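Encoded as structure tokens, the structure appears first; notes follow it.
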Amino acid sequence: MPGYPALPEGLAYGGDYNPEQWPEEVWQEDVRLMRQAGVNLVTVGVFNWGLIEPAEGVYDFDRLDRIFDLLHSEGIKVDLGTPTSSPPVWFRNRHPGSRLVDREGHVLGGATRHSFCPSSPEYAAASERVAGRLAERYAGHPALAMWHVHNEYGWANAHCYCPTSAEAFRAWLRERYGDVGAVNAAWGTTFWGLTYGSFDEVEPPLLAPPGLLTGLQLDFMRFSVDAHIANYRREREAVRRFSDLPVTTNFMIPNCKPMDYWRWSAEVDVVANDHYLDAETPDAHIGLAMAADLTRSVSGGRPWMLMEHSTGAVNWQPRNLAKRRGEMRRNSLAHVARGSDSVMFFQWRASRHGAEKFHSAMVPHAGTDSEVWRDVVDLGADLGRLAPVRGSRVEADVAVVWDWESYWALELEWRPSADLGFRERVGAFYEALWREHVTVDFVHPSADLSAYRLVVVPSAYLLTEGSAKNLHRYVEAGGHLLVSFFSGIVDENDAIHGGPYPGVLREVLGLSVEEFHPLREHGTVAVSSGAGEYAGRIWSERVRLGEAAALWTFADGPDAGHPAVTRHDLGAGAAWYVATALDEASGSGPRGPYGLRGLLGEVLDHAGVRRLADVPEDVEVVRRGAHLFLFNHGDRPVTVPGVTGTGLLDGVEHRGSATVPPGGVAVVRT
Ligand code: GLA
């Protein structure tokens, strides 16, 4: 079935397999250990270009043939990578015009992957050719399950500033705008008199003195997404000429800011994601949950694939913390709980050479007499027991708006406060919802919202008129909306919407904002809810009520006595607004551990979102189809009430409650 790897049954388990880094004797041990661990899918060939095409137009598939046959003989399926994220050394030397140039105009060196210009016609031709040759050779191989085009588009070369890219950008602008007058109007080039006389005068946003046109920067980011998508499509079509198996590429949600994955998701047969824990942050599992929910949402709710994560430490963080015992299992199963039909790792066997030799693997340098290996084997057994979960879906009552374009725009230079951040606000709302045991979807603000009881808009600084109308219709029809400050401020060109802030949201929120009053670094402002006081960070502003009513007020600071939280009853629904960052600073509030939790509690109740009562805060609860996943992130056993059904991992019958050991996981078929 398109969209799923052609696996026999159950969840996919495995990882990137790079046998070319090892002598062939090791391969025999590899496949024996794969069988032992229950591995059924491996990603092969991802960085093989220089090996299968050692000179331009000269192909050598011998080694890859043997790898395919060996895996097939052991019943292990192949997710075949096209090797185009790492062009061969000869390519770079033969085609110097394809070299990557950074914002400062430096031509970047080779001897690493991703060092090529995404708009290079030479790269386009060569990558299409090698993908086609691979497809021709392996399309009919019985081990082949799916295609893995490229690796992590935009990982290191999201934007290139070379002359070829500049020319491609100008062509993109011509196509989008038709005449240069429309570009001038969109970017507002009368500001500082930066008007263009022709498309030929437009440069990419190279490093410049401060104040670069923001509309230019946004369009360059959009152009760059298109350039990468064009490369993907070309290879995908080359593959499809020979094969009708699913084609995908691995995303980096949420850590690749330049790639707009709402756009990308339409291009793949199955969404695949690479996720690495932000290991040093406390409660890193909340970031993992957010990444998984966003990936599922990008996939339109359909099951997706965890294509890479790690058994332990990575090699590229400032301090690479190993996972504690049980953490790899919880991480893996959390992705499954949130919609993944696979658990894959980078990589099978730890490398001896090169930049990633300190990255963990399924087979660590320590070998099989290690906790990591034993955990890998146990995880394979767990995943076997979870086979019935495959294909089922996660349903959510609450959605959080996520828009990559707004993310880009909000973080351009010269905003009202350096403390404003897209991830900062989304993360704060996500964490508060996670702690309330509420599973969320993410949505683009123009999406159909009718399935949700509540839509949260944490930082939609850039919001088009069309999207704002969508939110308005949603509320009128009975939806509940919670909007945070600095939303709805600019249009798609980073131009302020007309009239007082928040332009296109004034009507739905029933208010306007007269002036922003950002706080000093680490400053706080008191907010009174009537029953108690909370602290607000980062922001205060002068809200002027229209049809909305004030619920909470600023108790001090520049807006003392003015509204801080409002509600506008509109049609059959309601729209809340919160004018400051109500975070962890105040523990003394009457409605919960901190202000945002208190506010969310009220809004969730009003919206009729059902939550689990009596579940400790560090227990993660996710329902996927008929299966209830319970994760105990704490260090004491917990008993979760209201659980009846069979434990899939341990066979235990639960009648009315389930007890989960510290650090443990239960999956109950209810
Ligand atoms: C990414 C890449 C892999 C590897 C890992 C290391 O996900 O796709 O090839 O470099 O990072 O964490």
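What follows draws every value from the coordinates through simple rules; no lab data is involved. Since the model is a prediction, treat every value here as computed from it, not as a measurement. All Cβ positions, even for glycine, are placed from backbone atoms using ideal geometry, and neighbour counts span all protein chains on display.
Quick notes on this one:
- Overall dimensions of the chain, expressed as equivalent-ellipsoid semi-axes from the Cα gyration tensor (√(5λ), whole Å, largest first), are 42, 35, 20.
- Interatomic Cα distance distribution for segment 115-180, bins of 10 angstrom, percent: 17, 35, 28, 15, 4, 0
- Selection of trypsin sites (Lys or Arg not before Pro), segment 487-548, meeting DSSP coil and at most 16 other Cβ within 10 Å: ARG520
- Per-residue [θ]222 nm for the chain (sum of -39500 (n - 2.57) over DSSP H runs n ≥ 4, rounded to 500): -9000 deg cm²/dmol
- Selection of trypsin sites (Lys or Arg not before Pro), segment 603-663, meeting DSSP coil and at most 11 other Cβ within 10 Å: ARG610
- Non-local Lys pairs in the chain, i.e. 8 or more apart or on different chains, that have alpha carbons under 27 Å apart: 5
- Trypsin sites (Lys or Arg not before Pro) lying in DSSP loop within segment 297-351, provided at most 10 other Cβ fall within 10 Å: ARG319, ARG324
- Segment 503-591 - convex hull of the alpha-carbon atoms, volume per residue in Å³: 96 Å³
- For segment 298-403, radius of gyration divided by Kirkwood radius, i.e. Rg to Rh on alpha-carbons: 1.02
- Value of Rg to Rh for segment 66-213, rounded to two decimals, is 1.13; Kirkwood radius and Rg both from alpha-carbon coordinates.
- Isolated Cys residues of the chain, judged by Cβ distance under 4.7 Å to other cysteines: CYS162, CYS256
- Residue-normalised convex hull volume from the C-alpha trace of segment 607-670: 84 Å³ per residue.
- Each Cα pair of segment 142-261 feeds into the Kirkwood radius, which the Stokes-Einstein equation turns, at 25 °C and 0.890 mPa s, into a diffusion coefficient of 150 µm²/s.
- Using the alpha-carbon positions of segment 515-659, Rg (one decimal) and Dmax (whole number) come out as 19.8, 60 Å.
- Rg over Rh [alpha-carbon atoms, Kirkwood Rh] for segment 348-487: 1.15
- Electrostatic dipole magnitude of segment 107-219 [Cβ: Lys, Arg +1; Asp, Glu -1; Cα centre; debye, to 20]: 380 debye
- Values of log10 I(q)/I(0), in the order q = 0.19, 0.23, 0.26 Å⁻¹, for segment 381-451 under a Debye, Cα-only, solvent-free model: -0.91, -1.06, -1.15
- Residues TRP348, TRP316, arranged from fewest to most other Cβ atoms within 10 angstrom of their Cβ, appear as TRP316, TRP348.
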